[in-house]
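> One structure, as structure tokens, below. Some questions next.
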Amino acid sequence: MADGPSPDGSARRDGRFNREWPGPARADSAPPVLDLGFDSGTLLIVRAQLRSCVRPLGFPEGQVEDVVLAVHELAANAVCHGGGAGRLRIWNLARALYCQVDDGDLPPDSPAAVNSLPCELGHGLWVVQRLADEMQALSGPSGTSILIRFDRGAARHSG
């Protein structure tokens, strides 16, 4: 797994993120197909809108449900462990769907650690890592941003 969504998939040697964040570097400035703010009262709406957004994009039904489950877990973590609210953005690129969940604002010059989140407590991040084809996290004093990728038609998602 790469350390960051930079064109070469790398982070800087000092552990700070290549500032291609937020969003997948390969998006070529394409706007997200879905951009939603959320809080504890809107998580069910996020799930419904996410499902409606992903279904027509050519993903098998099992993979659609994997996307919904993984993103919901990230959004719930943002609400419970972040500032109580967050933002979801989704990009539909040629071979993959990228979903980014943010629970704060990570300014480009702020110190941030790459892939430093624990996978303990409720094990939700562990589940996300198993469902997504790639997961990248950036966390700093002002928030956390997690980007997950789902490859179109990946074998483990069929069914």
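The values are calculated or read from the model by the stated rules, or taken from the named source; none is laboratory data. All of these numbers come straight from a predicted model, not from anything done at the bench. Backbone-built Cβ (ideal geometry, glycine too); neighbour counts: all protein chains shown.
> If you go through the range 146-159, how many residues are within 21 Å of Leu50 (Cα to Cα), at pLDDT 60 or above and out of contact with any Pro (no Cβ under 6 Å at 6 or more places or on another chain)?
Within the range 146-159, residues that are within 21 Å of Leu50 (Cα to Cα), at pLDDT 60 or above and out of contact with any Pro (no Cβ under 6 Å at 6 or more places or on another chain) number 8.
> State the number of residues belonging to the range 134-152 that are over 16 Å from Gly82 (Cα atoms) and touching a helix residue (DSSP H, G or I) at 6+ places or on another chain (Cβ under 9 Å). Explain how you work it out, then say what you get.
Here is the first cut: in the range 134-152, the ones over 16 Å from Gly82 (Cα atoms) are 134-136, 148-152.
From the residues that got through so far, the ones that are touching a helix residue (DSSP H, G or I) at 6+ places or on another chain (Cβ under 9 Å) too are 135, 148, 150-152.
Result for the range 134-152: 5.
> Sticking with this structure for a sec: Mind counting the residues in the range 64-121 that are in a strand (DSSP E or B), modelled with pLDDT of 60 or more and either over 22 Å from Pro31 (Cα atoms) or of a type outside the set (A, V, I, L, M, F, W, C) (or both)?
From the range 64-121, those in a strand (DSSP E or B) are 85-92, 96-102, 113-114; that's our starting set.
Pick out the ones that are also modelled with pLDDT of 60 or more and you get 85-92, 96-102.
Checking the rest, the ones that are also either over 22 Å from Pro31 (Cα atoms) or of a type outside the set (A, V, I, L, M, F, W, C) (or both) come to 86-87, 89, 92, 98, 100, 102.
Looking only at that region, the number is 7.
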